[in-house]
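K.L.:
Just passing along the structure, written as structure tokens.
The values are calculated or read from the model by the stated rules, or taken from the named source; none is laboratory data. Since this is a predicted model, take the numbers as computed values, not measurements. Using ideal geometry, Cβ is built from the backbone for each residue, glycine included, and neighbour counts are taken over all protein chains shown.
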């Protein structure tokens with residue numbers, strides 16, 4: 001069980017040290033830590049380093065109405081307006097149930113984010129903020145935060161306010177293994193060129209999982225299906241928005257029929273769904289999908 005009463009950092013007075021190194025070297029390693037484990041050992045060995053550069057190494061940070069910081073077995077709830085040090089996040093960052101612009105407010109309180117899991121619920125962030133938070137992301141999830149009168153989607157924006165396309169985000173995530181999200185069809189990160197450009201990204205074919213809900217009909221299903229029929233590695237789930245046209249639904253239905261009518265699949269059958277797809281077909285696809293992984 002997590003211990004909530006213990007402190008996550010040193011506090012209190014410290015004494016000036018008589019270092020066997022030049023002060024310029026001590027100042028350099030104090031002000032420019034580059035390795036989380038090394039910094040953790042450094043501040044545990046001597047209060048001086050934390051006093052001069054107050055950075056706490058945290059396994060995870062959950063932001064709801066307060067910060068929930070976890071470091072090993074220690075866990076602490078902190079007001080986001082009452083932090084006297086910066087955080088170095090190594091494993092997971094999750095923001096949910098918060099103001100859509102909370103990402104912007106917490107970034108000044110983060111020294112570095114090396115989180116392997118990045119979960120953003122209903123957040124609006126700039127492209128530079130996304131790059132800062134996702135540098136080591138292996139799992140990326142962006143979801144919807146539902147309020148009494150609205151649905152807030154996670155969106156990454158350029159400086160001019162336009163939506164950053166999905167392919168541009170994926171291209172930066174060289175360590176990515178799983179990506180999942182729900183898209184706002186009216187402010188979509190999917191463009192006419194998204195499929196083509198995704199398929200040109202070298203690490204896209206190495207993804208373990210690609211799951212999206214709310215896909216608009218500009219998603220080039222023909223080109224993507226041609227790729228799917230060669231896919232032997234990635235789990236794909238494509239759930240399309242209710243706003244797609246009847247013509248596009250017919251196109252999806254043809255793709256689904258081809259998948260279901262193929263007796264032997266030498267590729268991983270995807271899950272494809274839309275509002276107009278018959279439930280029987282969806283169940284058959286789910287069966288093929290599950291059994292391709294021995295589930």
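K.L.:
What are the residues in segment 139-158 that are out of contact with any strand residue (DSSP E or B) (no Cβ under 7 Å at 6 or more places or on another chain) and closer than 25 Å to residue 110 by Cβ, if any?
P.N.:
If the condition is that a residue be out of contact with any strand residue (DSSP E or B) (no Cβ under 7 Å at 6 or more places or on another chain) and closer than 25 Å to residue 110 by Cβ, then 158 is the only one that fits.
K.L.:
How many residues are within 17 Å of residue 269 (Cα to Cα) and touching a strand residue (DSSP E or B) at 6+ places or on another chain (Cβ under 8 Å) when one looks only at segment 179-212? Break it down into steps so the answer makes sense when it comes.
P.N.:
Keep residues of segment 179-212 that are within 17 Å of residue 269 (Cα to Cα), which gives 205-212.
Next cut, touching a strand residue (DSSP E or B) at 6+ places or on another chain (Cβ under 8 Å) only: 207-212.
Here the count works out to 6.
K.L.:
Taking only segment 237-295 into account, find how many residues are without any contact (Cβ under 8 Å) to a residue 40 or more places away in the chain, part of a helix (DSSP H, G or I) and in contact with a strand residue (DSSP E or B) (Cβ under 7 Å, 6 or more places away or on another chain).
P.N.:
Matching residues across segment 237-295 total 6.
K.L.:
Name the residues in segment 231-285 that are under 22 Å from residue 209 (Cα atoms), under 28 Å from the mean Cα position of the chain (by Cα) and loosely packed, with under 12 Cβ neighbours inside 10 Å, would you?
P.N.:
Residues satisfying the conditions are 232, 233.
K.L.:
Please determine, by comparing only the residues of segment 110-123 that are part of a strand (DSSP E or B) and more than 14 Å from residue 141 (Cα to Cα), which one is nearest to the chain's Cα centre (by Cα). Reasoning before the result, please.
P.N.:
Filtering segment 110-123 down to residues part of a strand (DSSP E or B) leaves 110-113, 117-121.
From what's left, more than 14 Å from residue 141 (Cα to Cα): 110-113.
Working: 110: 17, 111: 18, 112: 16, 113: 12 Å.
Residue satisfying both the conditions and the ranking: 113.
K.L.:
Can you give me the number of residues within segment 2-46 that are in contact with a strand residue (DSSP E or B) (Cβ under 9 Å, 6 or more places away or on another chain) and modelled with pLDDT under 65?
P.N.:
Of the residues in segment 2-46, 8 are in contact with a strand residue (DSSP E or B) (Cβ under 9 Å, 6 or more places away or on another chain) and modelled with pLDDT under 65.
K.L.:
Would you call residue 87 within 20 Å of the chain's Cα centre (by Cα), at pLDDT 80 or above and either assigned to a helix (DSSP H, G or I) or buried (at least 19 other Cβ atoms within 10 Å of the Cβ) (or both)? Spell out how you get there, then give the answer.
P.N.:
On the way: within 20 Å of the chain's Cα centre (by Cα): yes; at pLDDT 80 or above: yes; either assigned to a helix (DSSP H, G or I) or buried (at least 19 other Cβ atoms within 10 Å of the Cβ) (or both): yes.
Judged against the criteria, residue 87 is a match.
K.L.:
Right, next: Taking the stated definitions as given, is residue 207 under 27 Å from residue 97 (Cβ atoms) and under 19 Å from the mean Cα position of the chain (by Cα)?
P.N.:
Values: under 27 Å from residue 97 (Cβ atoms): no; under 19 Å from the mean Cα position of the chain (by Cα): yes.
So residue 207 does not fit the description; no.
K.L.:
Please list, ordered by first then second residue, the pairs with beta carbon atoms under 6 Å, 6 or more apart or interchain, first in segment 100-122 and within 24 Å of residue 184 (Cα to Cα), second at pLDDT 95 or above and not in a helix (DSSP H, G or I).
P.N.:
Sorted first by the residue in segment 100-122, then by its partner, the pairs are 117/139; 118/137; 118/140; 119/141.
K.L.:
Grab the strands (runs of 3 or more DSSP E) fully contained in segment 135-202, keeping just those with 1 or more residues being in contact (Cβ under 8 Å) with a residue 40 or more places away in the chain and either in contact with a helix residue (DSSP H, G or I) (Cβ under 9 Å, 6 or more places away or on another chain) or within 27 Å of residue 92 (Cα to Cα) (or both). Explain how you work it out, then say what you get.
P.N.:
Numbers: elements: 139-146, 151-153, 155-157, 178-182.
The qualifying strands (runs of 3 or more DSSP E) are 139-146, 151-153, 178-182.
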